[in-house]
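Engineer: My structure is below; once you've seen it, I'll send some questions.
None of the figures in this text is laboratory data; all of them are computed from the coordinates on show. These numbers come from a predicted model, not from an experiment. Neighbour counts are summed over all protein chains in view; Cβ atoms, including those assigned to glycine, are modelled from backbone coordinates with ideal geometry.
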Amino acid sequence: MTGIAVVTGGSRGIGAATARMLAARGHDVAISYRSDEAAAASVVRDIEAAGRRGLAVRADAAGEAETERLFETVDRELGTVTALVNNVGLTGRVARLDEVPSETVREVMDANVLGVIWGCRAAVRRMSTRYGGTGGAIVNVSSIASTLGSPNYYVWYAASKGAVDSLTLGLAKEVVTEGIRVNAVAPGIIDTDIHDSSGLPNRIDKEAHLIPIGRAGRPEEVAEAIVWLLSDAASYVTGDIMRVSGAR
């Protein structure tokens, strides 16, 4: 399993775990990050320690121009991308829909929906045989929130992930004859700092009883699913949304 992978939001959580795992299994890896340069540099050091080339690019996934700049940097520094993980995702602070600030909704939609669209578009233009590419695979990071709805937490986030699911299904069919597979993973409650930023620092302890398997997931467990979907072992899998949720 070799290639050149781009992982958006790869400085922490699921993105960082995926970047490290891809490097361990033979990929050169570029990650994007928005602000935490030190965390991004740490991931790059781990990629390089695995014997692969690593690259960190500061880029806001919500920005069309910044996303294109990310891919152009990868083109120049590493080569043409063969694997993309659209991992960037924001929730905003927990609230009812009638109480959430409009700025939060816009920020979440821009990052979670437009960011995935811009990333997929840039990847297709490089991977597709229609453009002279040699193919590749895309995995979008969705959430079980898309089917649960997240009432009293962040229904706007759930809606954004529903859009990711729709995009995944449609794009998979659109590019299936052009050498590109497109899938998604839908994690449940995973032990990352996303809960702190949403205003629920103790969520994992408080809600473990809601998860049939009895615990939160680890970022590496989601990364395993992502890396498998990107691999040749999943060559007949496209248009799938894989739940990684402990049966929730």
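Engineer: What are the ³J(HN,Hα) couplings of region 25-31, residue after residue, when phi is run through the Karplus curve with 6.51, -1.76, 1.60 and θ = phi - 60°? Round to Hz, x for glycine and proline.
Structural biologist: Per-residue couplings from phi come out as 10, x, 8, 6, 9, 10, 10 Hz.
Engineer: Using mean Cβ contacts within 10 Å as the protection proxy, how do 99-106, 88-95, 38-45, 127-134 order, highest first?
Structural biologist: Numbers: 99-106: 12.6, 88-95: 20.9, 38-45: 17.5, 127-134: 14.9.
Ranking the peptides 99-106, 88-95, 38-45, 127-134 by packing returns 88-95, 38-45, 127-134, 99-106.
Engineer: Something else: For the chain, set up a GNM with springs between Cα atoms under 10 Å and report which of I211, I47, I117 has the largest fluctuation.
Structural biologist: Residue with maximal mean-square fluctuation among I211, I47, I117: I211.
Engineer: Rounded to whole Hz and in sequence order, give me ³J(HN,Hα) for region 180-189 from the Karplus expression 6.51 cos²θ - 1.76 cosθ + 1.60, θ = phi - 60°, writing x for Gly and Pro.
Structural biologist: So the J values, rounded to whole Hz, are 10, 9, 10, 9, 9, 10, 10, x, x, 6.
Engineer: log10 I(q)/I(0), Debye, Cα-only region 126-209, no solvent, q = 0.14, 0.15, 0.23 Å⁻¹?
Structural biologist: Log10 of I(q)/I(0), two decimals: -0.59, -0.65, -1.05.
Engineer: Between R45 and A247, what is the spin-label point distance in nm, taking each point 7 Å from the Cα along the Cα→C-beta axis?
Structural biologist: 4.1 nm
Engineer: Remind me, relative contact order of region 3-244 in percent, using alpha carbon pairs under 8 angstrom and six or more residues apart? Write out the running numbers ahead of the final one.
Structural biologist: Values: 507 pairs, mean separation 46.5, N = 242.
With pairs under 8 Å counted, the relative contact order is 19 percent.
Engineer: Can you give me the orientation-averaged projected area of the convex hull built on the Cα atoms of the chain, in nm²? Please list the in-between numbers first.
Structural biologist: Numbers: hull surface 49.1 nm².
Over all viewing directions, the chain projects a mean Cα-hull area of 12.3 nm².
Engineer: Show that you can apply the helix-only estimate: for the chain, add -39,500 (n - 2.57) for every DSSP H stretch of four or more residues, divide by all residues, and state [θ] at 222 nm to the nearest 500.
Structural biologist: -13000 deg cm²/dmol
Engineer: Continuing with the same structure: Provide the packing ranking of 227-234, 201-208, i.e. peptides ordered by the mean count of other C-beta atoms within 10 Å per residue, highest first.
Structural biologist: Numbers: 227-234: 17.8, 201-208: 13.0.
Result, highest mean first: 227-234, 201-208.
Engineer: Ranking H27, H195, H209 by Cβ neighbours within 10 Å, fewest first, what do you get? Write out the running numbers ahead of the final one.
Structural biologist: On the way: H27 27, H195 20, H209 9.
Least to most surrounded, the residues fall as H209, H195, H27.
Engineer: Report Rg(Cα)/(2.2 N^0.38 Å) for region 174-248, keeping two decimals.
Structural biologist: Working: Rg = 15.1 Å, N = 75, 2.2 N^0.38 = 11.3 Å.
Dividing the Cα Rg of region 174-248 by 2.2 N^0.38 Å gives 1.33.
Engineer: Could you give me D for region 24-151, from Stokes-Einstein at 37 °C and 0.692 mPa s, where the hydrodynamic radius is the Kirkwood radius over C-alpha pairs? Units µm² s⁻¹, please.
Structural biologist: Numbers: Rh = 16.1 Å.
The calculation lands on 205 µm²/s.
Engineer: Return the FRET efficiency for the residue pair S166, R76: r is the Cβ-Cβ distance, R0 is 41 Å, and the value is rounded to the nearest 0.05. List each step's numbers first, then the result.
Structural biologist: Working: r = 33 Å, r/R0 = 0.80.
That pair, S166 with R76, gives E of 0.80.
Engineer: If you plug each phi of region 60-69 into the Karplus form 6.51 cos²θ - 1.76 cosθ + 1.60 with θ = phi - 60°, what whole-Hz ³J(HN,Hα) values come out, in order, with x for Gly and Pro?
Structural biologist: Calculated HN-Hα couplings, in order: 8, 4, 5, x, 4, 5, 5, 5, 5, 5 Hz.
Engineer: Additional query: Going 7 Å from the Cα of L97 in the Cα-to-Cβ direction, what parts of region 159-177 have a backbone nitrogen less than 20 Å from that spot?
Structural biologist: 159-167
Engineer: Between Y131 and R215, what length comes free when the chain is fully extended (0.36 nm per residue of separation minus the Cα-Cα distance, one decimal in nm)? Kindly include the intermediate steps, with their values, before the conclusion.
Structural biologist: Details: separation 84, 0.36 × 84 = 30.24 nm, distance 4.48 nm.
So the chain would gain 25.8 nm between Y131 and R215.
Engineer: Between R58 and L148, what length in nm is gained on full extension when 0.36 nm per residue of separation is reduced by their alpha carbon distance?
Structural biologist: On the way: separation 90, 0.36 × 90 = 32.40 nm, distance 3.27 nm.
Answer, rounded to one decimal: 29.1 nm.
Engineer: Further question on the same structure: Can you pull the three principal axis extents for the Cα set of region 32-74, in Å, largest first?
Structural biologist: Sorted from largest, the Cα extents of region 32-74 read 32, 20, 9 Å.
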